[in-house]
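Since the structure comes first, as structure tokens, the remarks are kept for the end.
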Amino acid sequence: MSMADSIKKKVLFVATVDYHFKSFHLPYLKWFKEQGWEVHIAAQGNLELPFVSKKYDIPIQRSPFNVKNIGAYKELKAIIDENKYEIIHCHTPMGGVLGRLAARQTRKNGTKVIYTAHGFHFCKGAPLLNWLLYYPIERLLASNTDCLITINSEDDELARRHQFKAGFIEHVHGVGVDLEKYKPVDSIRRNVLRRVNEGNPNHFIMFYAAEFNKNKNQKLLIQALAKIKNDIPNARLLLAGEGPLLQECRNLALELGVFSMVQFLGFRNDIELLLKMSDIAVASSLREGLPVNVMEAMACGLPVVAKENRGHKELVNNHENGWIVNSNDIDSFANRLIELATNEYLRNKLGKESRSIMESKYGVEIVLDQLIEIYSRYMEREEELQWAVH
């Protein structure tokens, strides 16, 4: 065996924060390790992640205007230049920007750069500022990208229509959901879970897990709950998450007389249990790429009522597994909630279709196969080059 053969190949994953990988990408890190590759992570944070050989805490900031990103770029470039990665896979907007900029030189030496766009910040209905800022950056950096991965049809069409000059543009169905962990339970099991967790079996439970920020728009859900409080007095809205607008939402619930009907759960690491206790999922965000919270709810067999955006439209089909409600139409949102609260047969019917949709193309094994096909394209090229050298 030559020295070149004994040196492990290396892959680098880049994102803004490290919990992005813990939440969404562990199966893919594991797969690379099983292939005998060294797996490196560059992101802000100090989480310990499995399957990772080296982890770099880089001060990447979400805002493109934060000066700390200059230092993050320099650190990232030094890491990339030192390690001579075969593949670099970038995630999140700023992880994608800094990772691809820092990899420009190493690409000339054969490193393959992949970028997954988890929902372009410019899209139909996005503010003009988003188009002015993010569109030219993404279009320019596409030429530094060997494979651009989109996770919804609208982004895929946009990248192709605007002729983003990546080596390849591929559509992959999100990050995948563990369909064994997130799966439906029968009504008996649901009631047991409610009793054990101090829930009332007779409540009509609506669930949403998201950070409390402007984009996630929990105010819409609280306002819709206020519309149905007299018609569905047993309705309960479970909101998991923390964030800058949490207190504002608590104040709104108090102001609208529904504070006792809303449970502000804070950060939770038992989302699958909360979903299995619930009757339906609700989603109110202004912008989504392909929302994992909605996919997990669908995997648990829940119908979904969601505000219109490209990510929700990708997953929810009207009258099949739930409804998409236009704009901020609180009355329509409330009416759909009443319809589901008063019709158990309809809930079950739509919920079964939710699970069926997830099984058809969004399970983690299906997405892993899609990504393996992309990764293998570049891994095989690297092996061919080595054979040519030897």
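Would it be correct to say that Glu296 is outside any strand (DSSP E or B), in contact with a His (Cβ under 7 Å, 6 or more places away or on another chain) and crowded, with 18+ Cβ neighbours inside 10 Å?
Values: outside any strand (DSSP E or B): yes; in contact with a His (Cβ under 7 Å, 6 or more places away or on another chain): no; crowded, with 18+ Cβ neighbours inside 10 Å: yes.
Against the criterion (outside any strand (DSSP E or B), in contact with a His (Cβ under 7 Å, 6 or more places away or on another chain) and crowded, with 18+ Cβ neighbours inside 10 Å), Glu296 does not qualify.
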Q: Take Leu265 and decide whether it is in contact with a Phe, Trp or Tyr (Cβ under 8 Å, 6 or more places away or on another chain) and closer than 10 Å to Phe207 by Cβ.
A: no
Q. Within the bounds of the range 114-122, is there any residue that is more than 16 Å from Ala15 (Cβ to Cβ), of a type in the set (Ser, Thr, Tyr) and either in the same structural domain as Ser23 (by TED's automatic domain parsing) or within 21 Å of the chain's Cα centre (by Cα) (or both)?
A. no
Q. So how many residues does the range 85-107 have that are at pLDDT 95 or above and either outside any helix (DSSP H, G or I) or of a type in the set (Lys, Arg) (or both)?
A. 11
Q: Assess whether Tyr85 counts as being closer than 30 Å to Gly36 by Cβ and free of Cβ contacts under 8 Å to residues at least 24 places away in the same chain.
A: no
Q) Quick one: which of Glu48, Glu82 is exposed (fewer than 15 other Cβ atoms within 10 Å of the Cβ), acidic (Asp, Glu), assigned by TED's automatic domain parsing to the domain that holds Gly99 and at pLDDT below 95? A) Glu48
Q: Just one of (1) free of Cβ contacts under 8 Å to residues at least 60 places away in the same chain; (2) surrounded by fewer than 16 Cβ atoms within 10 Å (Cβ to Cβ); (3) over 19 Å from Lys112 (Cα atoms) trips up Lys55, so point out which.
A: (2)
Q. Out of Lys214, Lys229, Lys181, which single residue is closer than 30 Å to Ser360 by Cα, surrounded by fewer than 20 Cβ atoms within 10 Å (Cβ to Cβ) and either modelled with pLDDT of 95 or more or charged (D, E, K, R) (or both)?
A. Lys181
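The values are calculated or read from the model by the stated rules, or taken from the named source; none is laboratory data. Because the structure is a prediction, the values reported are computed rather than measured. Positions of Cβ are generated from backbone atoms using ideal geometry, with glycine treated the same way; all protein chains shown enter the neighbour counts.
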